[in-house]
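The values are calculated or read from the model by the stated rules, or taken from the named source; none is laboratory data. Note that the structure is predicted; figures quoted are calculated from it, not measured. Cβ placement follows ideal geometry from the backbone for every residue including glycine, while neighbour counts extend to all protein chains displayed. Remember, those area values only see protein heavy atoms, side chains included, never the ligands or the DNA or RNA. Shrake-Rupley method; radii C 1.70, N 1.55, O 1.52, S 1.80 Å.
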Amino acid sequence: MQIQQNVSLRPFNTFGIDVPAEYFTSITDIASLQELMDDAKLPSVRHILGGGSNVLLTKRVNGIVLQNRLKGITVIKEDDAHVWLTVGSGEVWHQLVMFAINSGWAGIENLALIPGTVGAAPIQNIGAYGVEAKETIGTVTAWHWQEKALVTYNNSQCSFGYRDSIFKHALKDQVFITSVTFRLNKQPVYKISYGAITEELERMHIGTMSIRAIANAVIAIRTSKLPDPAQIGNAGSFFKNPTIAKEHYDTLLIDHPGMPSYPAGNSTVKVPAGWLIEQCGWKGYRNGDAGVHSRQALVLVNYSNASGDQIWRLSQQIVDSVKDKYSIELEREVQVW
Ligand code: EPU
């Protein structure tokens with residue numbers, strides 16, 4: 001295992017923020033995790049970096065940054081209806097989606113082109129176009145730092161919620177996810193009711209529905225709306241879509257007719273944060289190199305040399321203005337380091 005010191009993290013985060021890490025190493029096997037703990041010279045403060053696509057770096061990172069490079073996709077079981085795959089947490093998510101599509105296995109095609117690694121999928125419970133990762137995740141295996149052992153969590157132990165799981169709460173900083181087991185369908189159930197997908201599939205004049213057609217539609221929508229981090233630094237949706245009481249929503253509708261919402265159960269509704277931010281006039285805003293994307297207001301961007309702090313301050317201005325106008329408190333989806 002090669003440990004480096006004072007390493008720029010710029011190539012390792014999709015926002016393209018340039019801060020140094022005190023220590024840095026790549027994790028390519030599970031034995032290295034034990035080795036790290038045995039090395040008394042290394043700091044015990046550890047930060048895990050997957051694809052670096054959901055993190056905003058605001059300052060020098062003290063401790064050791066672990067870049068996840070655990071690879072491998074293995075079929076562990078199959079029957080007539082399903083196939084179970086165990087996937088190394090350092091695999092690139094989109095490559096797993098394409099592997100599943102090429103094998104004819106359904107369940108994650110709506111999640112095509114989501115940036116990041118397989119290990120981040122359960123942490124965030126990544127979701128898009130009517131599907132969430134939790135629907136196909138069977139188990140998550142992780143190295144538990146305190147127990148010095150691998151522990152496997154089943155789906156219900158992961159406490160999945162909207163962009164949420166136990167890995168953001170009770171198990172935060174406690175584990176390093178090493179692999180995820182997915183259960184995919186041999187007989188696909190197509191999920192195409194999300195508005196943007198329906199429209200795109202119509203536009204594409206699909207003759208016979210297939211998981212590949214769905215993935216192609218998702219890829220077309222994402223590439224048209226979301227900036228490519230290779231061109232403009234960003235971390236996808238910066239905020240979560242807030243859930244508010246139906247009563248609050250009904251009151252807001254009086255002054256803001258046309259405010260979109262989706263039912264979220266228990267007399268609550270979810271409001272698209274992108275709409276709120278756009279209504280507050282931020283869409284396309286730019287201050288120096290920090291800005292709000294011109295085609296999707298939920299995405300903050302680094303045009304070139306913005307600091308993490310500049311992006312953070314812009315996000316705080318957005319939070320304040322949405323709160324002033326709608327009395328809704330936006331919550332950041334990205335992890336702030
Ligand atoms: N909208 C606006 N202005 C904007 C953006 C959105 O008015 O600038 C409104 C529109 O009314 C639109 C609605 O918001 O109909 C929903 O927009 P969109 O379909 O683009 O989805 P989103 O709610 O903005 C969520 C996820 C995305 C995911 C898409 C598609 C969150 C925080 N974001 O965005 O996930 O790709 O749905 O399912 O839930 C991510 O998490 O990084 C991410 C990109």
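Between region 171-219 and region 7-31, what's the alpha-carbon centroid distance in Å? With region 171-219 and region 7-31 each reduced to a Cα centre, they are spaced 30 Å. Partner lysines whose Cα lies under 22 Å from the Cα of K134, excluding those fewer than 8 positions away in the same chain, are identified as K71, K77, K168, K172, K186, K191, K240, K270. When K41, K323 are compared by accessible area of protein heavy atoms, the largest-first order is K41, K323, using a 1.4 Å probe.
Accessible area of the chain with a 1.4 Å probe: how many percent of it is carbon plus sulfur? Please list the in-between numbers first.
Details: 7490 of 15620 Å².
Percent of accessible area from carbon and sulfur atoms in the chain: 48.
Straight-line cross-link reach from K283 at under 12 Å between alpha-carbon atoms covers no aspartates and glutamates, not counting any fewer than eight positions away in the same chain. Along region 34-44 the Karplus relation, 6.51 cos²θ - 1.76 cosθ + 1.60 evaluated at θ = phi - 60°, assigns HN-Hα couplings of 5, 4, 4, 6, 6, 8, 5, 6, 8, x, 8 Hz to successive residues, with x for each Gly and Pro. W337 exposes around 60 Å² of accessible area when a 1.4 Å probe is run over every protein chain in place.
Rolled with a 1.4 Å probe across the full set of protein chains, the surface gives D320 an accessible area near 80 Å². Where does the Debye-calculated log10 I(q)/I(0) of region 157-276 sit at q = 0.10, 0.22 Å⁻¹, using only Cα point scatterers of equal weight, no solvent? After summing over all Cα pairs, the log10 values are -0.52, -1.23.
Qualifying GluC sites (Glu not before Pro) in region 155-262, where qualification requires a DSSP coil assignment and no more than 15 other C-beta atoms within 10 Å, are lacking entirely. Accessible surface computed residue by residue for the chain, with neighbouring protein chains in place and a 1.4 Å probe, gives 46 Å² per residue. Measuring nothing but alpha carbons in the chain and taking Rh as the Kirkwood radius, the Rg to Rh ratio lands at 0.97. Dividing the summed helix terms, -39500 (n - 2.57) for each DSSP H run of n ≥ 4, by the number of residues in the chain produces a 222 nm estimate of -7500 deg cm²/dmol to the nearest 500. Here is the size of region 73-185 from its Cα atoms: Rg then Dmax, 13.3, 40 Å.
Which of the three applies to region 233-336, rounded, prolate or oblate, going by the alpha-carbon gyration tensor with a ≥ b ≥ c and a/c under 1.5 meaning rounded?
Numbers: a/c = 2.38, a/b = 1.99, b/c = 1.20.
Judged from the Cα gyration tensor, region 233-336 comes out prolate (a/c at least 1.5, a/b above b/c).
Springs between Cα atoms under 10 Å define the GNM used for the chain, and in it the highest mean-square fluctuation of A220, A297, A245 occurs at A245. What is the Cα centroid distance between region 42-62 and region 285-323, reported in whole angstrom? Using only Cα atoms, the two centres lie 21 Å from each other.
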